[in-house]
Every structure is written in C-alpha cells, then in structure tokens.
Amino acid sequence: MPIHLTRREREIVQAILDGCTNRAMAQRFGVTEQTVKNQLTTLYTKTGVSSRLELALVALQKGLVEES
C-alpha cells in the first residue's frame, strides 16, 4: 500500500535527511518543538516506524522525498 504524505510531512522527512534536530525544524518551519514532535509521531504511525533513522530509511526506500 502506498504511503501518501502531505507537503509538510515531506518537508519534515527532508529535514531529518538533512540532519536537523527538532529545534532546528521548529525554527525552519516557524512552529514549536512540540508541534514537530506531534508531526513526527504522525509520520511514525503513517510509515509504521518507531525512530528517525527508520523513517529516513523508509523514505529513501519508498521514494517519499526527492533525493538531492
């Protein structure tokens, strides 16, 4: 089953691939760190993973973001 991510979710995945911390993502997107944590939890659920590393690997394997 394909995984469909919103534009913001793809931006968060890309930020993880860029090595951003939650704090850096919050600053990048103009939201609180808690909002970033909530968005990560949603992403983990959608993709069936439990860590940033797993999320990054799934994103690359399934082409959820464009590789630069």
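The values are calculated or read from the model by the stated rules, or taken from the named source; none is laboratory data. Quick caveat, the model's predicted, so the values are computed rather than measured. Heads up, the Cβs are rebuilt from the backbone with ideal geometry, glycines too, and the neighbour counts pull from every protein chain shown.
Things to note:
- Residue check: residue 33 meets all listed conditions (1) at pLDDT 95 or above; (2) within 23 Å of residue 66 (Cβ to Cβ); (3) not basic (Lys, Arg) but one, namely (2).
- Enumeration of residues in region 29-61 that are surrounded by 16 or more Cβ atoms within 10 Å (Cβ to Cβ) and not in a helix (DSSP H, G or I): 49
- Hits in region 22-44 (condition: of a type in the set (Val, Ile, Thr) and under 11 Å from the mean Cα position of the chain (by Cα)): 36, 41, 42
- In region 1-11, the qualifying residues are those that are surrounded by 14 or more Cβ atoms within 10 Å (Cβ to Cβ) and hydrophobic (A, V, I, L, M, F, W, C), and the one that is farthest from the chain's Cα centre (by Cα) is 3.
- Checking each residue in region 12-28 for being closer than 20 Å to residue 66 by Cα, surrounded by 16 or more Cβ atoms within 10 Å (Cβ to Cβ) and without any contact (Cβ under 8 Å) to a residue 40 or more places away in the chain picks out 12, 15, 20, 25.
- Every test in (1) in a loop (DSSP other than H, G, I, E, B); (2) surrounded by fewer than 18 Cβ atoms within 10 Å (Cβ to Cβ); (3) among the aliphatic types (A, V, I, L, M) is passed by residue 65 save one, and that test is (2).
- Restricting region 38-68 to residues that are of a type in the set (Lys, Arg) and out of contact with any helix residue (DSSP H, G or I) (no Cβ under 6 Å at 6 or more places or on another chain), the residue that is nearest to residue 4 (Cα to Cα): 46
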